[in-house]
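Colleague: Here it is: the structure, laid out below.
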Amino acid sequence: MALVKIPLILDGIDPKSRDYSILRESEHNRATTATLLDEERYIDALERTVNIMRELREFSDFDNQEFRTILAAILFDLAEIHFLLKDYRQSEKELETLFKVLNRLAKEDPERYGEFNILAMELAARIVRSRKRTIEMLVKQQIQTEALFEKVNSGVASATERLAESLRKVGELTAASGAYKEALKFYSEAIKFSKKRSGRIGRKEIKFTIEMAEIMSRVKTMRQRAKRLLAAVLPHAIALETIELEEDIIALLEMIDKLEEQPSKWKAFTHALTHIGRNAEKEEMKFERNAEKEAKKEARRAEKEAKKAEKEKRRALKEAKKANKSLNKAKKVTEQADLYIQRAQSAKDKCDEHLRAGADAKDKADAAAFRKADAEAYRKEAEANKDAQQPDTDQNPKEGDKN
């Protein structure tokens, strides 16, 4: 890919000085970076560019115009490289720094640096992902470009043409995604810059306007505006004798009439032709004001929705923490209950063991009592037998005495 070339003027720097050597080496290294980008070696290109920045730290005067010129060129390179590496945030940061450096240079020498200020705006239209931020950045830079167009040269005109074409492409892509109002803002900016470039309404401006009207025709509430816009540029197309553009305008008007299902297709068109140029500029200014108001309104609404979403997120996190805390508490209670159940089961087992031991003891006691009762009965029986035999023993001695 072709990098932006900003030629250096080294007449005021001593060729034998270190500053002169640094600037020359930087130019040579930028050429090598361009070769690396053509070969799609983006990481190597980034390393080479970072090395250039390190060498520039040794420059003696950071306020030197040529130093700031090569710095702007390197910022162009870095923004492009980080965009190719999909590091969009860093790319946008470098773009902001680039505008700061270029704005000061353009004020000092509009003839030399005006072209590159416009090229930076074209770069912003390509790499800034937020469409809203792109529009805000371009509107902010328009104040600077107003002064540049007072001293317009071929370089500025060429850069402005690139900027207008880039804005048109962004508008086309935005419309393809269904964001019609956002797309119209980009087309409006493209037409505005294209007019500044040429100073009149030419073929390109008419073509941009036709494309813008076609997008407006997709929105029901904007179809009348689209018709007025087409009616305003039709005389310019006729004056340029561009039959192709005339046919496109008339065909688009017919299509809008079909969409609205009006009974008379040419009556409104003829009426619009009678008021050519009367309200076109006023309507365009009104549309731009309304578009700006709508953009601010959408920005406020998006900010409000973001705050609401953040609030809901915090609330959800709070509820999740609360639920987690309750879950932990329930888990703890469950574990404690399980412990109590285990203890109760253990006590029950011990109680059952004691009951079994008591039953065994009772059985033993019953057996001992039964044996004791048997022994007692046997003893009593023995005593009874003994008592029954005692008289015979007593009578025998008496009989001996008689003898």
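Colleague: Starting at the first residue of the stretch 366-373, write each ³J(HN,Hα) from the Karplus equation 6.51 cos²θ - 1.76 cosθ + 1.60 with θ = phi - 60°, in whole Hz, x for Gly and Pro.
Modeller: 4, 5, 5, 5, 5, 5, 5, 5
Colleague: Hey, which aspartates and glutamates would be in cross-link range of Lys321, C-alpha to C-alpha under 17 Å, not counting anything within fewer than 8 residues on its own chain?
Modeller: Glu310, Glu312
Colleague: Are there any chymotrypsin sites (Phe, Trp or Tyr not before Pro) in the stretch 28-117 that are in a DSSP loop and have at most 13 other Cβ atoms within 10 Å? List them by number.
Modeller: Phe62
Colleague: If you keep only loop residues by DSSP, which trypsin sites (Lys or Arg not before Pro) in the stretch 1-38 have at most 13 other Cβ atoms within 10 Å of their Cβ?
Modeller: Numbers: sites: Lys5, Lys16, Arg18, Arg24, Arg30; in loops: Lys5, Lys16.
The qualifying sites are Lys5, Lys16.
Colleague: When the Karplus curve 6.51 cos²θ - 1.76 cosθ + 1.60 is applied with θ = phi - 60°, which whole-Hz ³J(HN,Hα) does each residue of the stretch 95-111 get, with x for Gly and Pro?
Modeller: Values per residue, Gly and Pro as x: 5, 4, 5, 4, 4, 4, 5, 5, 4, 5, 5, 5, 5, 6, 8, x, 4 Hz.
Colleague: Can I ask one more? Rounded to whole Hz and in sequence order, give me ³J(HN,Hα) for the stretch 203-216 from the Karplus expression 6.51 cos²θ - 1.76 cosθ + 1.60, θ = phi - 60°, writing x for Gly and Pro.
Modeller: 4, 5, 5, 5, 5, 4, 5, 4, 4, 5, 5, 5, 5, 4
Colleague: Enumerate by residue number the GluC sites (Glu not before Pro) in the stretch 187-244 meeting two conditions: DSSP loop (anything except H, G, I, E, B), and at most 13 other Cβ atoms within 10 Å of the site's Cβ.
Modeller: Glu241
Colleague: Which entries in the list Lys93/Lys307; Lys181/Lys296; Lys169/Lys204; Lys5/Lys192; Lys93/Lys297 go over 18 Å, if you measure between the two C-alpha atoms of each? Before the final figure, lay out each step's value.
Modeller: On the way: Lys93/Lys307 25 Å; Lys181/Lys296 12 Å; Lys169/Lys204 13 Å; Lys5/Lys192 26 Å; Lys93/Lys297 26 Å.
In this structure, Lys93/Lys307; Lys5/Lys192; Lys93/Lys297 exceed 18 Å between Cα atoms.
All of the numbers you see were taken from the coordinates with simple rules; none came from a lab. All of these numbers come straight from a predicted model, not from anything done at the bench. Note: ideal-geometry Cβ built from the backbone for every residue, glycine included; neighbour counts use all protein chains shown.
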